[in-house]
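What follows is a short report on a single structure.
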Amino acid sequence: VLPILEILYHVEERNSHHVYMALIILLILTEDDGFNRSIHEVILKNITWYAERVLTEISLGSLLILVVIRTIQYNMTRTRVRVTGNAWDKYLHTNCLAALANMSAQFRSLHQYAAQRIIR
């Protein structure tokens, strides 16, 4: 899951095909309640590629939430800059929101920063 999250995190640097594939895989994974429960039990330490904030200890579930929200925000900013009716923007946005919706019933013990990002 971490390589998938890293692809989405660096969305602006990636080929759109890589982003699509990463998002499709993430969407498929989040359709499984067992996956959604277990990602909150896996604790990660020192995620060096996440640059917005130092994350010394965070669950995989909280990191997944942070990366998906960041991807949504990138998409919104990109759309604002280039006002187009580009279907890619809608596809990315819809599927990121669908992954969050799939996971939402299983959110547990979220990292403080992930909880803040959900409401801001």
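The values are calculated or read from the model by the stated rules, or taken from the named source; none is laboratory data. Since the model is a prediction, treat every value here as computed from it, not as a measurement. Cβ coordinates were reconstructed from backbone atoms using ideal geometry, including for glycine residues, and neighbour counts include every protein chain displayed. Side chains are part of the model used for accessible areas, which takes the heavy atoms of the whole protein and leaves out ligands, DNA and RNA. Shrake-Rupley method; radii C 1.70, N 1.55, O 1.52, S 1.80 Å.
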### Summary
For region 42-77, the count of residues that are of a type outside the set (F, W, Y), open to solvent by 20 Å² or more (accessible area, probe 1.4 Å) and touching a residue at least 60 places away in the same chain (Cβ under 8 Å) equals 2
#### Entry: Pair list, Cβ < 8 Å and 6+ apart or interchain, from region 6-31 residues that are free of Cβ contacts under 8 Å to residues at least 12 places away in the same chain to residues that are among the acidic types (D, E) and surrounded by 21 or more Cβ atoms within 10 Å (Cβ to Cβ)
none
### Task
Determine which member of the set I7, I65, I72, I58 is modelled with pLDDT of 95 or more and either assigned to a helix (DSSP H, G or I) or within 11 Å of the chain's Cα centre (by Cα) (or both).
I65
### Query
From the set of residues in region 16-40 that are open to solvent by less than 80 Å² (accessible area, probe 1.4 Å) and either assigned to a loop (DSSP other than H, G, I, E, B) or aromatic (F, W, Y) (or both), which is nearest to L110 (Cα to Cα)?
H40
### Query
When you go through (1) outside any helix (DSSP H, G or I); (2) within 22 Å of Y113 (Cβ to Cβ); (3) touching a helix residue (DSSP H, G or I) at 6+ places or on another chain (Cβ under 9 Å) one by one for T48, which number turns out not to apply?
(3)
### Task
Considering every residue within region 102-112, establish whether at least one is under 15 Å from L5 (Cα atoms), modelled with pLDDT of 90 or more and not aliphatic (A, V, I, L, M).
no
